2 protein chains.
Amino acid sequence: MARRSQTELAVLGALSMQPMTAYAVRSAIRDVLGHFWSESFGQIYPTLTALERHGMVQGQEAGRSGSSVFSLTHAGQQRLRQLLAEPVVTTPPRNGLLLRLFFGRTTGLAACRDLLITAQADAQQRLHEYEALAEHVATEDADSPDAPYTLITISAGRYTAQATLQWAADALRSLDQLAPTSGGPVPDGSAER
Amino acid sequence: MARRSQTELAVLGALSMQPMTAYAVRSAIRDVLGHFWSESFGQIYPTLTALERHGMVQGQEAGRSGSSVFSLTHAGQQRLRQLLAEPVVTTPPRNGLLLRLFFGRTTGLAACRDLLITAQADAQQRLHEYEALAEHVATEDADSPDAPYTLITISAGRYTAQATLQWAADALRSLDQLAPTSGGPVPDGSAER
DNA sequence: ACGAGCATGTAAGACGTTACATGATTAG
DNA sequence: CTAATCATGTAACGTCTTACATGCTCGT
């Protein structure tokens, strides 16, 4: 699946939950899918325009300000099904944190500890967010047919955050064993020249 | 940090471990950093050329075929430190699996089960790879000063894979509870027109 | 009246992948 | 000798982000 159709998929999916304006699509992708998906602002409008041209969605003027509410057409429904059935596209990994830890010898123990502690705090934060979110969905939207699927994606976030917490604690322990007291960066050899 | 300097960072980092040819840099990024980092082929050569122009690396002809082995200059060392010290850049998330599960109501229970089972198998596979890798590093390169840091990144992969396994099992259970017997996609309304 | 948020777009430029093109070396 | 791998690049194309530009509406 080409990369562009990933944006198409997200937009069609958002509209499949309920008709909304382009602006609302953007908000929904940011707020609802935000934990595992992102689309940049400048992608959504052109994509919606193209989808309308191909008859996948149709806009309906609403209110006096000329904002148009888009909804899926039947062709759009089918297109969504088709895209969902295509194999999952995995983006090439780019984990800046692990890259820095990998080259940790150059920056030294202390810098690595800082990175890990920050990662731990971030994961803890996310864990709280996921738990609040899961609770909210389980109580408010419990009867929605989408709820079980939403909960599964939230659960993925929770497991990942928990794994990060455990890993970071583990890694910090291993660094402590390495050199309990000090840990500056390796000398840079400036004096040698 | 601009996105380009991420490539710079990976290339400088690779060369900080040992001098090598552009081709070897590419192989190292693919094979060694592969679990958490990727650079496309077409980026590495231009980046190396630019780095040489700026005096960050210097190439030395080796062998009769004119292949040049690059090594970090002092300026390159400093540049690497500087880049490593900059805040971690997080790429916007794009998890195609979770996107599909989120819209699971449209594709139906069976499709979601398939996705989860595949994800489980993939995670299991990765877990084995990480364990083999960790064992290899712990025995072969145990005395390398880079070994502790390498092991931390491998550990991250292990924790993540394990979390995926648990999450998928959990999710499969919750889907089973939802409808133990059937689970086709929602009707698409074709007949209604 | 004014600021926050709703709403719609465009354009430039950075970023990245893929395919193409070419040749040397080495293991089987 | 021949296939795989090492080795070096370029060019085209597609993708994505960011910044800019503009105006409305609603609450305070």
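Below are the figures for this structure:
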quantity: When residues of segment B:29-42 are limited to those that are not aromatic (Phe, Trp, Tyr) and not in a loop (DSSP other than H, G, I, E, B), the one nearest to B:Val89 (Cα to Cα); calculated: B:Ile29
quantity: Condition check for B:Leu99: away from DNA strand D (no atom under 16 Å from the Cβ), crowded, with 21+ Cβ neighbours inside 10 Å and either of a type in the set (A, V, I, L, M, F, W, C) or part of a loop (DSSP other than H, G, I, E, B) (or both); calculated: no
quantity: Test: residue in segment A:38-48 that is within 14 Å of chain B (Cβ to nearest Cβ) and under 20 Å from A:Thr153 (Cβ atoms); calculated: yes
quantity: Residues within segment A:13-28 that are within 13 Å of DNA strand C (Cβ to nearest atom) and assigned to a helix (DSSP H, G or I), tallied; calculated: 9
quantity: Residues of segment B:52-83 that turn out to be assigned to a strand (DSSP E or B) and either away from every other protein chain (no Cβ under 12 Å) or touching a Cys at 6+ places or on another chain (Cβ under 8 Å) (or both), as a count; calculated: 11
quantity: B:Pro145 free of Cβ contacts under 8 Å to residues at least 12 places away in the same chain, more than 30 Å from A:Arg30 (Cβ to Cβ) and more than 16 Å from DNA strand C (Cβ to nearest atom); calculated: yes
quantity: Residue in segment A:140-160 that is within 16 Å of DNA strand D (Cβ to nearest atom), part of a helix (DSSP H, G or I), in contact with a Leu (Cβ under 6 Å, 6 or more places away or on another chain) and over 30 Å from B:Thr7 (Cβ atoms) present; calculated: no
quantity: A:Ser5 being within 21 Å of B:Leu97 (Cα to Cα), touching a residue at least 24 places away in the same chain (Cβ under 8 Å), touching a helix residue (DSSP H, G or I) at 6+ places or on another chain (Cβ under 9 Å) and more than 13 Å from DNA strand C (Cβ to nearest atom); calculated: yes
quantity: Residue selected from segment A:53-80 under the condition of a type outside the set (A, V, I, L, M) and within 15 Å of DNA strand D (Cβ to nearest atom), by the criterion modelled with the lowest pLDDT; calculated: A:Arg64
quantity: Subset of segment B:84-96 (residues that are surrounded by fewer than 20 Cβ atoms within 10 Å (Cβ to Cβ) and hydrophobic (A, V, I, L, M, F, W, C)); calculated: B:Ala85, B:Val88, B:Val89
quantity: Residues of segment B:16-48 that turn out to be of a type in the set (D, E, K, R) and either surrounded by fewer than 19 Cβ atoms within 10 Å (Cβ to Cβ) or touching a strand residue (DSSP E or B) at 6+ places or on another chain (Cβ under 9 Å) (or both), as a count; calculated: 2
quantity: Out of B:Ala171, B:Ala163, sole residue that is more than 25 Å from A:Leu115 (Cα to Cα) and within 11 Å of another protein chain (Cβ to nearest Cβ); calculated: B:Ala171
quantity: Candidates A:Leu33, A:Leu15 - the one that is at pLDDT 95 or above and within 14 Å of DNA strand D (Cβ to nearest atom); calculated: A:Leu33
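To keep it simple, each residue is scored yes or no on (1) farther than 30 Å from A:Ala85 by Cα; (2) within 16 Å of DNA strand C (Cβ to nearest atom); (3) free of Cβ contacts under 8 Å to residues at least 12 places away in the same chain.
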{"site": "B:Gly66", "(1), (2), (3)": "yes, yes, yes"}
{"site": "B:Phe70", "(1), (2), (3)": "yes, no, no"}
{"site": "B:Thr73", "(1), (2), (3)": "yes, no, no"}
{"site": "B:Pro87", "(1), (2), (3)": "yes, yes, no"}
{"site": "B:Thr90", "(1), (2), (3)": "no, yes, yes"}
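Here is a yes/no grid of residues against (1) surrounded by 14 or more Cβ atoms within 10 Å (Cβ to Cβ); (2) within 14 Å of another protein chain (Cβ to nearest Cβ); (3) away from DNA strand C (no atom under 13 Å from the Cβ); (4) more than 20 Å from the chain's Cα centre (by Cα):
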{"position": "A:Ala50", "(1), (2), (3), (4)": "yes, no, no, yes"}
{"position": "A:Gly104", "(1), (2), (3), (4)": "yes, yes, yes, yes"}
{"position": "A:Ala111", "(1), (2), (3), (4)": "yes, yes, yes, yes"}
{"position": "A:Ala123", "(1), (2), (3), (4)": "yes, yes, yes, no"}
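Listed here are the residues, each with its yes/no results for (1) at negative phi; (2) at the interface with chain A (Cβ under 9 Å from one of its Cβ atoms); (3) more than 20 Å from the chain's Cα centre (by Cα).
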{"position": "B:Pro93", "(1), (2), (3)": "yes, yes, no"}
{"position": "B:Leu98", "(1), (2), (3)": "yes, yes, no"}
{"position": "B:Leu133", "(1), (2), (3)": "yes, no, no"}
{"position": "B:Asp141", "(1), (2), (3)": "yes, no, yes"}
{"position": "B:Ile154", "(1), (2), (3)": "yes, no, no"}
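The values are calculated or read from the model by the stated rules, or taken from the named source; none is laboratory data. Keep in mind it's a predicted model, so treat the numbers as computed, not measured. Because the Cβ atoms are built from the backbone with ideal geometry, glycine has one as well, and the counts that use them run over all protein chains shown.
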